[in-house]
Amino acid sequence: MRYSLKTKMLCSLCCLVALAVSVPPVDGVEIENLTKTINAIGPKGLGHAKARQAVAELTKCDVNQIVLILDGFDSSNKLAVNWLRAVVDTVLENSLQSGGTIPLDSLMGFLADTDNDASARRVAYEWITEGNPELRERILKTALGDPSLEIRREAIDHAVSRALSIKDDAGPEALKQLKLTLSSARDLDQIDQITTEIESLGGEVDLPTHFGFLVTWNLIGPFDNSGTKGFDVAYAPESAIDLQDAVEGKNGNIRWFEHSSEDPYGLLDLNTIMPEKYKGAIAYAHTTFESDKKQSVDIRLGCINGNKIWVNGNLITSNHVYHANTSIDQYIARATLNKGRNDILVKIAQNEQEESWAQRWQFQLRICDESGTAILPSDR
Amino acid sequence: MKILQIIFAFVCLQFVETNAESADWADFRGPNGNPVHDGKLPLRWDIDGKENVAWKANLPGRGVSSPIAVGNLVVVTASAGAKQQKLYVVAFDQQTGEQRWKRSFWATGRTYTHPTSSNAAPTPVSDGEYIYAFYSSNDLVCLDLKGNLMWYRGLAHDYPKAGNDVGMASSPAIAGDVVVVQIENQGDSFASGIDRFTGKELWRVPRDPRANWSSPVAYQINDGSFTVLLQSPTGLNAVDAKTGNERWTKEMSCGNITSPLKVGQAIYFGAGGTTRLKLNSKGTTPEVVWNANRLTANAASPIVDGENLYILSGSIIKSADANTGDLNWQVRLKGRFWATPILSNGHLYFFNQDGLVQIVKVGETGEVVEEFEIGEPVLGTPAAVGNALYFRSDKHLWKISHP
């Protein structure tokens, strides 16, 4: 469809007038109400219509009001954070493209307050470094323990680079810096890199302790999992754990036995630990954890097999998934530890797939806080 | 004042040209899911010498999704971060390669994938008005062509067991006013129709709890409604796009990576090698026309150009008679492939996992006429518009065209 020049001019005029009358200033109270509307988004598209209107309104904000939108971030609402992030990015990007600037001072002030929402601070950081890349180094120098794990990750990269730059001339100082950096590292790739560098300088790293892996377990198996039907069968360990008793397993009576993993990542390879390499089988692993107080923790499991975890008899996660990759922290569940002894039971279910990539039967479990910082038993 | 605004907005809307007509490569595997293009693309380019490289743009993260071309934009997704939790949608100017806008989000679902893949594995889709970007983590975002957020859904936020730590890769499809996603895995396994304007769930149907990477394919039928094909290991299902109600099912053992192809009244899909079905006017279960067990595709989906069917079987490109399934010729290529090739001006363009481009001239026989390195892995199907080819490598988006 094509239009005459006159028509296009008329259209443009209409658009300009409409734009002029439809851009009222958005005041602070209104911004707060609009962010609340977005934070009210629910599952399956609930609240989208109002949230979409709120996005359109908030996008009209002045760049100097960005911090008011960042104030509305609540990382516990992952969906709403993404809606709000899109608003902030749109406002600042539009400003830059129309020759405006980024409000660096107010964003720096927002970033400096570590009580502010971690996701919002990350957004502030990204736009600060977009507006003035030279501020990056200044920020990262003091961000090794930043609550935003994304900012912290960059700070760690920065600190590792600094340490490695003096490695040849000042080995002991580099080692000291690397050890300090490691204590802040939470991402596996960074921990691996720093560990390699520390060891190359003659230092040692206790990885199971750094991560909080539980390495000593009592094990029992096999129980039947033919046709994967045993996953939902409550075998004896799910009712009571008596480490001395023999119970009926898949191939006769079986008993608990103890095993300690020497793997740096706390891995227990059941194919080598159990008497045989079983298929269509289930093993249970039990351990205790002495906690110096009642506390909420993350129980983080890496397991390529079907799995369930109970803490003090309470089922906290169940994943009937076989041979679909694995990694540290693959499954994360919240649990409450009592002061004193806590019983942790893991069910690891192997299926009967015959492919070479479907043979592993293993798990690794650690306890940490929500940021990934290890929580160690009081008797460790 | 409100009335005035509404009047002005209404007047303006009457004159706004939509971009729908220019959205010419806006789906996974291009228009109609059949990556056949009639432009004249370069047969060779030189990443160092810049020969036929119109531009090359940096991407903010990795990805194995394909770029799409919509309006005057090329849009691509990417993911980054220690756990691939950072999601990107980036739009570039087709002419200059300049970044028009970039939006970033945090994944709300599982982000683990095999190292070969990426959270940004599904290809985005556009209806010319909006862009729908989807990720392995089952995050689905709708943006307009200026990058304004329309809505954001976390499908694994709603269904927490949805996910596959090997990585999901099924691309969304648009069927009328419905965005269809196929999320098949060992946890919460389902297909869903989502209102393209609001992001609300219109329907959700359970699917077999098995890993599947096949993408839905939509087509319009005589009564104006849309049908969606869903291929999974147990067969091919056709469902109504508005309700998810089953229209017909063909129970056959199917591949779980390739996607079906509809051309006219024929459907080609990966069952027992390749099977061709013939759709009927009654909309009942189609009949098998032929089945060719020699035409087994691994990752790349079928291509049909007139009478010729092309199937990439491992590293062997096979040309068959589309009417009979009889093999015409085959040529062995080098390397491992994930990307479906595109066909343009009598040449098939192959990108292998190691970044080797191989161009095969097709006709009575097939012949590799060009072979050269581009230095980065390519796992996504390219897009083609006019005489330009767009592809995404691990870290860059490229435009290839004659000067």
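Each reported figure results from applying straightforward, stated rules to the coordinates on display, with no laboratory input. Everything numeric in this text was worked out from a predicted model, so none of it was measured. Using ideal geometry, Cβ is built from the backbone for each residue, glycine included, and neighbour counts are taken over all protein chains shown.
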How many percent of Cα pairs in the range A:149-205 exceed 14 Å?
45 percent
Neighbourhood charge, 11 Å Cβ-Cβ cut-off, centred on residue B:288 and excluding it, Lys, Arg +1 and Asp, Glu -1
+2
In the neighbourhood of residue A:324 defined by beta carbon distances under 11 Å, the net charge of the other residues (Lys, Arg +1; Asp, Glu -1) is +1
Within straight-line cross-link reach of residue A:176, lysines at Cα separation under 19 Å, skipping those fewer than 8 residues along the same chain
A:141, A:167
What per residue convex hull volume, in Å³, do the alpha-carbon atoms of the range B:23-401 yield?
114 Å³
What nm value, rounded to one decimal, do you get for the distance between residue B:225 and residue A:196 when each label is placed 7 Å out toward the C-beta?
5.8 nm
Could you work out the mean count of beta carbons from other protein chains within 10 Å of each residue's beta carbon in B:100-107?
5
So, with points 7 Å from each Cα along the Cβ direction, the residue A:296-residue B:58 label distance in nm works out to 4.0 nm
Take the protein assembly as shown, compute every pairwise Cα distance, and split them into 20 Å bins from 0; I just need the percent in each bin.
15, 44, 35, 7, 0
For n ≥ 4 DSSP H runs only, could you compute -39500 (n - 2.57) per run for chain B, divide by its residues and tell me the 222 nm figure to the nearest 500?
-1500 deg cm²/dmol
Expressed to one decimal in nm², the mean projection of the alpha carbon convex hull of the range A:211-368 is 8.5 nm²
Note: the range B:118-247, point scatterers on Cα, Debye, no solvent; log10 I/I(0) at q = 0.18 Å⁻¹ equals -0.92
Neighbour counts of other C-beta atoms within 10 Å: give me A:293, B:242, A:308 arranged from fewest to most.
A:293, B:242, A:308
Under the √(5λ) rule applied to the eigenvalues of the Cα gyration tensor, what semi-axes describe the equivalent ellipsoid of the range A:22-133? Give them in Å, descending.
22, 17, 12
Computed from every Cα-Cα pair in chain A, P(r) in 10 Å bins starting at 0 and rounded to whole percents is 4, 18, 21, 20, 18, 11, 5, 2, 1, 0
What ranking of B:340, A:272, B:111 emerges when the number of other C-beta atoms within 10 Å of each C-beta is taken as an exposure proxy, fewest first?
A:272, B:111, B:340
Regarding the range A:235-278, what whole-number volume in Å³ per residue does the convex hull of its Cα atoms give?
95 Å³
Roughly how many nanometres apart are two label points built 7 Å out from the Cα toward the Cβ at residue A:339 and residue B:249?
5.7 nm
19 Å Cα-Cα reach of residue A:347 towards aspartates and glutamates, excluding residues that sit fewer than 8 places from it in its own chain
A:224, A:232, A:238, A:242, A:245, A:248, A:258, A:269, A:276, A:298, A:329
Check residue A:362: other-chain or 5+ apart residues with amide H under 5 Å from its amide H, H built from backbone geometry?
A:270, A:304, A:305
Under the Karplus curve 6.51 cos²θ - 1.76 cosθ + 1.60, θ = phi - 60°, whole-Hz ³J(HN,Hα) for the range A:191-205, x wherever Gly or Pro sits
4, 4, 5, 5, 4, 4, 5, 4, 5, 5, 9, x, x, 10, 10
Contour minus Cα-Cα distance for residue A:271 and residue A:369 (0.36 nm per residue):
32.2 nm
FRET E, pair residue B:294, residue B:361, Förster distance 30 Å, beta-carbon r, rounded to 0.05:
0.85
For residue B:55, other-chain or 5+-apart residues with amide H closer than 5 Å (H placed, Pro excluded) are B:399
So what does log10 I(q)/I(0) come out to for the range A:133-251 at q = 0.16, 0.22, 0.23 Å⁻¹, using the Debye formula with one equal point on every Cα and no solvent?
-0.76, -1.22, -1.29
Once you've got the Cα coordinates, tell me which of A:50/B:146; A:78/B:200; B:161/B:395; A:293/B:83; B:250/B:282 are over 23 Å apart.
B:161/B:395; A:293/B:83
What are the ³J(HN,Hα) couplings of the range A:97-103, residue after residue, when phi is run through the Karplus curve with 6.51, -1.76, 1.60 and θ = phi - 60°? Round to Hz, x for glycine and proline.
5, 9, x, x, 10, 9, x
Value of relative contact order over chain B, rounded to a whole percent, pairs C-alpha under 8 Å and six or more apart
15 percent
Per-residue ³J(HN,Hα) for the range A:69-76, Karplus 6.51 cos²θ - 1.76 cosθ + 1.60, θ = phi - 60°, Hz, x for Gly and Pro
6, 4, 4, x, 5, 9, 4, 6
